[in-house]
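This report concerns only the one structure given below.
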Amino acid sequence: MSATPTHCPYCSLQCGMKVQRKGRAGIEVAAWEQFPVNEGALCRKGWTAGELRGTRERLTTPLVRDRATGELRAAGWDEALDLVAGRITALQAEHGKDAVAVFGGGGLTNEKSYQLGKFARVALGTSQVDYNGRWCMSSAASAGNQAFGIDRGLPFPLADVEQADVVVLVGSNMAETMPPAARHLDRLRERGGKVVVVDPRLTPTAERADLFLQPVPGTDLALALGVLHLLDAQGAVDEEYVARRTTGFEEVRRSVAAWWPERVERTTGIATDELRALVDLLAGSERVVVLTARGAEQHAQGTATVLAWINVALALGMPGKPYAGYGCLTGQGNGQGGREHGQKADQLPGYRMIDDPAARAHVAAVWGVDPDSLPGKGRSAYELLDSLGDGGGPRALLVLGSNIVVSAPNATHVTQRLESLDLLVVCDIVMSETAALADVVLPITQWAEESGTMTNLEGRVILRQRAVAPPEGVRSDLDVIGGLAERLGSPVPFSTDPQEVFAELGRASAGGKADYSGITWERIAAEQGVFWPCPAVADGEQPHPGTPRLFADSFATPDGRARFLVTEFAGAAEQPDPAYPLHLTTGRVLAQYQSGAQTRRIRSLTDEGAFVEMHPMLADRIGAHDGAPVVVRTRRGEMKAPARVVPTIRPDTVFVPFHWVGANRLTNDALDPSSRMPEFKVCAADVLV
């Protein structure tokens with residue numbers, strides 16, 4: 001039996017793999033060596049991805065909550081969709097269009113993301129639409145737009161980092177979060193290049209580093225300010241590049257003048273000799289790549305932190321230079337494409353802004369509606385969830401591709417908001433913690449059972465191809481959207497064919513920052529992915545080749561210059577005090593992904609549950625023992641889990657993985673003023689035995 005080339009269902013690498021049927025209902029994964037991103041390599045999550053299809057927990061029929069008993073019961077598709085459409089219609093008639101909200105996900109295909117945004121604005125007429133990608137790399141997106149005029153996680157192929165002289169990873173544990181990508185670091189070092197890792201924990205990625213810096217959580221911004229201070233003091237700024245290709249440097253130069261090394265040490269805990277070692281590496285290298293990830297970005301100052309590191313890269317003259325520059329390591333599988341085409345509160349397809357009259361006119365023409373009929377900007381993800389039900393906002397919520405109960409910050413509060421809704425509808429593969437609260441649960445297809453495009457961390461648009469038919473009774477998200485749109489009396493049709501939807505997406509994105517109009521499914525398959533922007537060309541002309549590398553000649557700003565922007569360090573929104581004397585940080589572990597709704601149900605993946613990682617000095621002080629339970633408390637809640645006592649974390653910090661219920665009951669919902677990113681990565685905590 002021939003295998004179908006496709007891509008992994010998990011992270012933003014979107015590693016190539018082949019899938020074929022195994023037995024009556026199973027599938028198995030094989031290597032696809034020709035795909036350039038991973039060259040056949042997969043992490044353990046990728047190799048075991050097929051096991052989810054055979055799980056007994058797979059949903060295969062719609063479920064409706066019986067109002068008399070409170071229990072979920074099986075229902076037919078027509079009954080379920082009729083019920084949802086009827087209740088939506090009634091709620092909007094009584095409370096207005098914004099009484100209904102939509103919450104999407106960074107794992108949805110481009111086609112689903114596009115259709116979901118269109119559904120919200122055309123079929124529902126609501127402004128209340130956002131997605132969990134707001135919690136992924138929105139701070140880096142905001143910074144990229146401000147500094148470069150465009151947001152593409154990596155403005156160059158990931159393999160380019162192998163040719164750099166120095167790679168600085170700020171808040172990334174690449175070896176555990178996207179293991180096949182870590183080989184680029186190994187190849188870089190084999191060439192004689194250097195790897196720098198900035199992280200409060202000595203992770204498997206940090207163990208690969210030539211220089212490891214272990215700052216206080218929430219102080220990466222201060223570290224970047226100190227780095228730029230020393231680069232300027234040493235005369236290492238590329239003055240010619242700065243004058244020719246940027247604006248705003250003199251203001252930034254003055255702003256970092258006060259960040260002398262001793263002040264940086266007091267703020268970050270990074271010794272002055274370590275700071276100087278980093279600066280010497282940067283100043284003495286021709287090609288430097290700075291990469292940020294969630295550790296730097298999931299903060300109330302996440303956008304400012306990324307801007308500060310972009311300032312470092314610009315001062316060195318790196319963005320636009322071959323094998324150099326700044327990039328963000330996107331997290332979710334379609335974290336890039338998922339925000340480009342309309343499921344974000346402030347955006348329309350093609351990365352157009354919803355308050356731009358020209359953007360509204362263009363997209364409305366593609367959709368066949370009046371631009372004035374489109375709603376305006378809605379609430380960001382956390383603000384939307386905070387307002388639900390008795391919070392004074394929407395009374396109904398439709399959720400696709402997200403497990404909010406596990407993944408939202410201040411999760412106990414958010415769960416209460418979900419419980420106060422008049423209608424909660426969840427589309428999922430399994431009975432996730434969020435689906436368990438729903439009034440209606442709709443069983444949908446998983447990655448191997450459907451076709452669609454994704455956009456990986458490089459801006460490479462790739463094609464997931466259907467390998468097997470879904471179980472009987474299961475429908476795709478596109479079918480759900482189309483069925484509801486029809487029942488709601490949508491003024492325009494909603495195709496359920498993903499290839500047709502992608503073609504429409506291309507027309508809607510044409511001329512936008514994220515222009516997909518020159519990309520077709522046929523090109524993606526033939527070229528192993530096509531990089532955006534890729535505008536369409538006139539008949540008879542050669543197709544646009546796509547753009548694997550940005551900024552070689554100019555930036556996507558009105559004058560073509562990158563922007564230096566002043567950033568001021570304020571620290572975490574919540575600082576330790578006598579009642580909560582520790583820093584809490586969160587993150588991922590190798591065997592699990594996101595909320596764990598999929599990976600926790602795969603038997604081949606290790607699931608030891610949550611734990612509380614702490615330093616031996618802290619364990620001794622509070623009387624904790626490795627493997628014994630401890631309780632972590634913050635101002636928002638508490639959780640109990642076994643202690644994991646290791647010397648690789650700062651003594652003033654504890655770490656909890658977020659794949660299980662508990663971690664996000666602790667996290668802070670303070671928001672970045674620009675990106676509206678919650679401060680997942682640091683808050684004040686205490687640990688008790």
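The values are calculated or read from the model by the stated rules, or taken from the named source; none is laboratory data. Predicted model only: the values in this text are computed from it and were never measured. All Cβ positions, glycine included, derive from the backbone under ideal geometry; neighbour counts span all protein chains shown. Heads up: the accessible areas ignore ligands, DNA and RNA and are worked out on the full protein's heavy atoms, side chains in. Shrake-Rupley method; radii C 1.70, N 1.55, O 1.52, S 1.80 Å.
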Kindly check whether there is at least one residue in the stretch 376-393 that is touching a helix residue (DSSP H, G or I) at 6+ places or on another chain (Cβ under 6 Å), touching a residue at least 12 places away in the same chain (Cβ under 8 Å), in a strand (DSSP E or B) and closer than 21 Å to Ala93 by Cα.
-> no
Elements of type strands (runs of 3 or more DSSP E) in the stretch 67-138, at least 1 residues being over 30 Å from Gly333 (Cα atoms) and open to solvent by 10 Å² or more (accessible area, probe 1.4 Å) | 72-74
Pick from the stretch 233-255 the residues that are among the hydrophobic types (A, V, I, L, M, F, W, C) and free of Cβ contacts under 8 Å to residues at least 40 places away in the same chain: which of them is surrounded by the fewest Cβ atoms within 10 Å (Cβ to Cβ)?
-> Ala243
Mind checking which residues of the stretch 49-66 are at pLDDT below 95 and of a type in the set (S, T, N, Q)?
-> Thr55
Kindly indicate whether any position in the stretch 628-643 is open to solvent by less than 30 Å² (accessible area, probe 1.4 Å) and either under 19 Å from the mean Cα position of the chain (by Cα) or under 25 Å from Leu213 (Cα atoms) (or both).
-> yes
Residues within the stretch 645-676 that are over 21 Å from Asn403 (Cβ atoms), out of contact with any Gly (no Cβ under 8 Å at 6 or more places or on another chain) and open to solvent by 20 Å² or more (accessible area, probe 1.4 Å), tallied = 9
Can you confirm whether the stretch 259-271 contains a residue that is open to solvent by 40 Å² or more (accessible area, probe 1.4 Å), under 18 Å from Gly235 (Cα atoms), out of contact with any Ser or Thr (no Cβ under 9 Å at 6 or more places or on another chain) and part of a helix (DSSP H, G or I)?
-> no
Within the stretch 544-603, of all residues that are of a type in the set (Gly, Ala, Ser) and open to solvent by 20 Å² or more (accessible area, probe 1.4 Å), the one nearest to Val405 (Cα to Cα) is Ala573
Counting residues that are within 25 Å of Met17 (Cα to Cα), which helices (runs of 4 or more DSSP H) fully inside the stretch 460-549 reach at least 3?
-> 498-509, 521-527
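Conditions tested, residue by residue: (1) open to solvent by less than 10 Å² (accessible area, probe 1.4 Å); (2) assigned to a helix (DSSP H, G or I); (3) touching a strand residue (DSSP E or B) at 6+ places or on another chain (Cβ under 7 Å); (4) under 15 Å from Ala143 (Cα atoms).
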residue	(1), (2), (3), (4)
Arg276	no, yes, no, no
Asp280	no, yes, no, no
Ser285	no, no, yes, no
Ala304	no, yes, no, yes
Trp309	yes, yes, yes, yes
Gly317	yes, no, no, no
Ala345	yes, no, yes, no
Ala359	yes, yes, yes, no
Val363	yes, yes, yes, no
Are there any pairs with C-beta distances below 8 angstrom linking a residue in the stretch 182-198 that is under 13 Å from Ser285 (Cβ atoms) to a residue that is among the polar types (S, T, N, Q) and surrounded by 14 or more Cβ atoms within 10 Å (Cβ to Cβ), with the two at least 6 apart or on different chains, and if so which?
-> Leu188/Gln163; Arg191/Gln163; Lys194/Ser285
